[in-house]
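Remarks on the structure that follows.
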Amino acid sequence: MGTALKFAAPELDETTIAGVVDVLRSGQLTSGPWVQAFERELSNFCAGRPVRTLTSATAAIEVAGDARLIAEHKPIVGGATDQALHR
């Protein structure tokens, strides 16, 4: 067989690996101080714009659908995921 093509090899140093281990051992994968720190740093990277992270693509679709309804001055009834996908 041929040589496998690497699309993007991660650059992980020991500090990054230790940080990941800390998060995994904390049990706070989707909340807590690491998420808040990430949001703060991402906001700084984005010139201070407000940033919120979500735990899944489904949650992102839900928020995007709700934002669309709010922008259109329409009421949000239940989840907007279905509305966001089918409009």
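A few points about this structure:
- Shown for I61, I70: other C-beta atoms within 10 Å of each C-beta, ranked fewest to most, produce the order I70, I61.
- Length released on extending from A4 to V63, taking residue separation times 0.36 nm less the Cα-Cα span: 17.4 nm
- The range 58-66 - phi-based ³J(HN,Hα) in whole Hz, Karplus 6.51/-1.76/1.60, Gly and Pro as x: 4, 4, 5, 5, 4, 5, 4, x, 4
- For the pair V23 and L42 in one chain, pulling the backbone fully straight at 0.36 nm per residue adds 5.1 nm over the alpha carbon distance.
- Whole-Hz couplings from phi, Karplus 6.51/-1.76/1.60, listed for the range 29-37; x for Gly and Pro: 7, 10, 7, x, x, 5, 5, 4, 5
- The magnitude of the dipole of the range 1-64, with charges of +1 and -1 set on the Cβ of Lys/Arg and Asp/Glu and taken from the Cα centre, is near 180 debye.
Read the figures in this text as sums done on the coordinates, not as results from a lab. Quick caveat, the model's predicted, so the values are computed rather than measured. Positions of Cβ are backbone-derived with ideal geometry, glycine not excepted, and every protein chain shown enters the neighbour counts.
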